[in-house]
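Presented below is the structure to which this report refers.
The values are calculated or read from the model by the stated rules, or taken from the named source; none is laboratory data. A quick note: this is a predicted structure, and the numbers were derived from the prediction, not measured. Here Cβ is always computed from backbone atoms with ideal geometry, including for glycine, and neighbour counts include all displayed protein chains.
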Amino acid sequence: MGCIEHKKSPANNGDSHLISEGEKVTVPDFNAFDVMEPRNPEKTPVDRRNGKHVKANDIPPEGVYLPNNNILAPHMKSPEYVQLSNAAAITLGIMGGRMYRTECTRCLNLLLTYPEGCRANCAYCGLARHREAERDYADRNFIRVDWPAVPMADIVDIVAKDPESSPFHRMCISMITHPRSEDDTFTVLKQWTDKIDPDAIPVSILSNPTTMTRDDVQRTKDLGADIFTVALDAATPELFDRTRGKGVQSPHKWKKYWDIMLEAKDIFGPQKFGAHIIVGMGETEYEVLNLVQELVDLGGHSHMFCFFPEDGSLMDHLPATPRDQWRRVQLARYLIDYRDVRVDHMKFDEEGRVKSYGIADSELSDIIDAGIAFRTSGCPGKFQDDISACDRPYGDSPPSNIASYPFQPKKKDIRKIRKQLDIPVAVE
Ligand code: SF4
């Protein structure tokens with residue numbers, strides 16, 4: 001395998017200009033609310049609901065399970081089993097393969113797993129409930145890659161041999177929406193911290209607020225978690241409802257997500273909580289950057305993804321976020337999060353697009369050339385505060401048109417980024 005490349009790319013993978021029969025066609029340089037309408041979920045046949053056939057056949061798992069939709073998935077469930085990203089499996093050494101322009105990932109992303117799968121139905125997500133009609137949970141693609149299932153004890157044993165020299169700078173448990181996810185998160189977290197010093201490899205929780213209480217948040221802290229995040233994903237209440245709530249028969253509520261995030265602020269403290277946000281699902285640049293400012297004012301951080309139409313999701317027919325929209329938001333978010341620039345220092349046009357960044361051109365130019373603003377954002381690793389451990393290689397774009405750089409961008413990358421930002425090239 002040369003690199004982790006999705007089998008099928010959508011018609012528009014982020015380029016603002018599409019070539020059509022020799023003619024250059026200009027498409028809008030942002031994903032507007034009216035365009036980004038998810039399709040409706042279809043009814044799931046009764047025999048495919050809740051992982052019924054996986055449980056009925058009850059095939060015992062044997063070691064690592066590599067996703068394969070041509071066979072019936074074994075009966076695997078957390079806390080004994082977790083899924084981990086392709087990148088983490090390669091880095092851990094339990095799977096072969098190489099990644100484009102990067103050797104490893106610094107974050108060991110774990111996903112709880114059950115035959116019933118995630119019980120939510122988020123429109124942009126490859127793990128969503130409506131997919132039970134077409135593939136077993138363990139075979140579903142998520143953020144553009146497969147997620148092998150591995151016994152948790154094996155993962156702990158490998159990392160516990162020498163945590164100080166591990167390539168991983170952080171471990172993260174993604175909870176999904178399932179009645180067992182709180183208890184199993186506690187078990188997986190304890191299994192880790194019993195054998196691996198959380199100071200050597202800190203742990204983040206990517207929570208499922210819908211079923212959580214304040215006591216649950218406290219418990220993750222007591223068991224050794226370092227950072228608690230909430231996958232808000234949608235940048236406004238309307239978008240949240242359309243993509244994660246009533247709009248797609250999904251149980252999530254914007255208010256509950258905020259309530260749990262505010263509990264985390266209280267329990268974990270400044271710089272130790274935050275929210276995931278996906279850019280380009282129909283919000284304006286002004287709206288998403290206002291949210292980033294709100295999080296910073298609370299003492300937290302935003303972790304940002306570029307929308308990519310995940311194969312099999314309810315938004316797989318929609319355009320990826322145009323690169324100019326994404327670059328503007330990525331740069332502005334970095335300035336708000338790490339350079340004390342405020343959203344009210346910036347200027348926006350009548351469509352809510354960033355027109356100026358609120359700092360001197362020379363300073364902005366230096367920040368662009370430093371390239372960190374365009375790297376993947378997330379919880380910090382061991383290099384520096386503004387470099388994420390969670391580099392999720394090619395989770396939000398194909399390697400051929402990178403949205404979030406999982407490595408330090410080189411001069412040729414900065415030249416491309418400047419073109420996408422429409423800021424004159426000044427690098428040699
Ligand atoms: S709750 Fe998370 S894992 Fe479940 S469908 Fe929504 S985004 Fe996907």
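Identify all residues within segment 235-260 that are crowded, with 23+ Cβ neighbours inside 10 Å and under 16 Å from L127 (Cβ atoms); write none if there are none. T243, R244, V248, S250, H252 - these are the residues of segment 235-260 that are crowded, with 23+ Cβ neighbours inside 10 Å and under 16 Å from L127 (Cβ atoms). Among the conditions (1) touching a residue at least 60 places away in the same chain (Cβ under 8 Å); (2) within 13 Å of the ligand (Cβ to nearest atom), M212 misses just one, which is (1).
Scan segment 78-111 for residues that are in contact with a Lys or Arg (Cβ under 8 Å, 6 or more places away or on another chain) and either within 16 Å of the ligand (Cβ to nearest atom) or of a type in the set (D, E) (or both) and the total you get is 3. Close Cβ contacts (under 6 Å, 6 or more residues apart or on different chains) running from residues in segment 277-298 that are over 16 Å from I336 (Cβ atoms) and at pLDDT 95 or above to residues that are among the charged types (D, E, K, R) and buried (at least 20 other Cβ atoms within 10 Å of the Cβ) comprise I278/D233. At negative phi and within 15 Å of the chain's Cα centre (by Cα): is that true of D154 in this structure? Answer is no for this residue. For segment 112-125, the set of residues classified as within 13 Å of the ligand (Cβ to nearest atom), closer than 20 Å to P67 by Cα and buried (at least 21 other Cβ atoms within 10 Å of the Cβ) consists of L112, T113, Y114, G117, C118, C125, listed by residue number. The set of residues in segment 159-201 being closer than 21 Å to S388 by Cβ and within 16 Å of the ligand (Cβ to nearest atom) consists of C172, I173, S174, M175. Looking only at segment 132-141, decide whether some residue is buried (at least 24 other Cβ atoms within 10 Å of the Cβ), within 18 Å of V82 (Cβ to Cβ) and within 10 Å of the ligand (Cβ to nearest atom). Yes, that holds for at least one residue.
Just checking, does segment 287-297 include any residue being within 16 Å of the ligand (Cβ to nearest atom), part of a helix (DSSP H, G or I) and not aromatic (F, W, Y)? Within segment 287-297, none of the residues are within 16 Å of the ligand (Cβ to nearest atom), part of a helix (DSSP H, G or I) and not aromatic (F, W, Y). Of all residues in segment 101-122, those that are in a strand (DSSP E or B) have Cβ atoms under 9 Å from Cβ atoms of residues that are of a type in the set (S, T, N, Q) and away from the ligand (no atom under 16 Å from the Cβ), 6 or more apart or on another chain, in C107/S388; L108/T91; L108/S166.
Within segment 40-59, one or more residues are more than 16 Å from the ligand (Cβ to nearest atom) and either in contact with a Phe, Trp or Tyr (Cβ under 8 Å, 6 or more places away or on another chain) or under 25 Å from I227 (Cβ atoms) (or both).
Of all the listed residues (D349, D396), the sole one being under 20 Å from V279 (Cα atoms), of a type in the set (D, E) and crowded, with 17+ Cβ neighbours inside 10 Å is D396.
Would you check if V341 is farther than 24 Å from K416 by Cα, β-branched (V, I, T), in contact (Cβ under 8 Å) with a residue 12 or more places away in the chain and assigned to a loop (DSSP other than H, G, I, E, B)? Yes: the conditions hold for V341.
Looking only at segment 45-67, which residues are part of a loop (DSSP other than H, G, I, E, B) and either exposed (fewer than 12 other Cβ atoms within 10 Å of the Cβ) or at pLDDT below 90 (or both)? Answer for segment 45-67, where residues must be part of a loop (DSSP other than H, G, I, E, B) and either exposed (fewer than 12 other Cβ atoms within 10 Å of the Cβ) or at pLDDT below 90 (or both): P45, D58, P60, E62, G63.
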